[in-house]
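Everything on this sheet refers to the single structure shown next.
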């Protein structure tokens, strides 16, 4: 396993403090609505309104100052790399789909990134970004591939378990796989009885198919959950997912919309679709366990 436990522990101590120590609690109204004890970890109360700053900052510490960093993003990862680049002194170019959420694109630019919009979807933008980086000699970073991003995201699990909250199952949104594999690596080591359940949008099942060993080379997408709308899985992430994740669920968009409304009503939180999909899975799927933890991953609607 290439995800290093010592690095996850180091990330929990060294990444930018604005991304650490996020709220985690059990809310009575939410538990009543979902019919069981649910521990939420809120990753929306930071300058990026998502968890992506953790992995980007841990990776950024390894990158040479002065070099240009290139990435592709559906929105939140690009914001995170731009934020870290500004803080650590390297230029950032982000390639996005022309259909990307405009507010996310504007935020990348406001953080100092050069943003290139590419016709088509995120997978196409990633291919263009990779070719551009090779052509100009820039550093190409990829969410789900670069293990430092995964280790940085794993710091969420350090905080969850460190607070002493026991839970039977962790329900975690799945896009490119960095979040769930980083968290699962830590949880499996320190709480081996905890079940790890990943959640994909029903309209973007490619990663769930790959985890199950089914062909998923180029799967059409049709979902409101833009942050996890993966058409082609990251190859490096699949062995990690298969080694660490116990189950994968698919959730329809209607359930995601209901979960966004539930978060707003019960928790007073505005979540983007990908950020609410863990709650959606708990509400509509057969998730085992009396006590469940989930991560509310983003609030960039």
Can you name the number of the only condition in (1) surrounded by 24 or more Cβ atoms within 10 Å (Cβ to Cβ); (2) not in a helix (DSSP H, G or I) that residue 115 fails?
(1)
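Regarding residue 220, is this residue more than 25 Å from residue 68 (Cα to Cα) and modelled with pLDDT under 95? Don't jump to the end; show me each part of the working.
Values: more than 25 Å from residue 68 (Cα to Cα): yes; modelled with pLDDT under 95: yes.
For residue 220, the condition - more than 25 Å from residue 68 (Cα to Cα) and modelled with pLDDT under 95 - is met.
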Filter pass, residue 24 being in contact with a helix residue (DSSP H, G or I) (Cβ under 8 Å, 6 or more places away or on another chain), within 19 Å of residue 271 (Cα to Cα) and surrounded by fewer than 16 Cβ atoms within 10 Å (Cβ to Cβ)
no
Exactly one of (1) out of contact with any strand residue (DSSP E or B) (no Cβ under 9 Å at 6 or more places or on another chain); (2) under 22 Å from residue 77 (Cβ atoms) is unmet by residue 200. Its number?
(1)
With the checklist (1) farther than 19 Å from residue 228 by Cβ; (2) in contact with a strand residue (DSSP E or B) (Cβ under 6 Å, 6 or more places away or on another chain) in hand, flag the one item residue 136 doesn't pass.
(2)
Please return the ranges of helices (runs of 4 or more DSSP H) entirely within region 1-98 where 1 or more residues are without any contact (Cβ under 8 Å) to a residue 12 or more places away in the chain.
5-14, 28-34
Filtering region 58-80 down to residues that are more than 18 Å from residue 134 (Cα to Cα) and more than 14 Å from the chain's Cα centre (by Cα) yields 58, 59, 60, 61, 62, 65
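The values are calculated or read from the model by the stated rules, or taken from the named source; none is laboratory data. Given the structure is predicted, the values throughout are model-derived calculations rather than measurements. For neighbour counting, all protein chains shown are included, and Cβ atoms are generated from backbone atoms with ideal geometry for every residue, glycine included.
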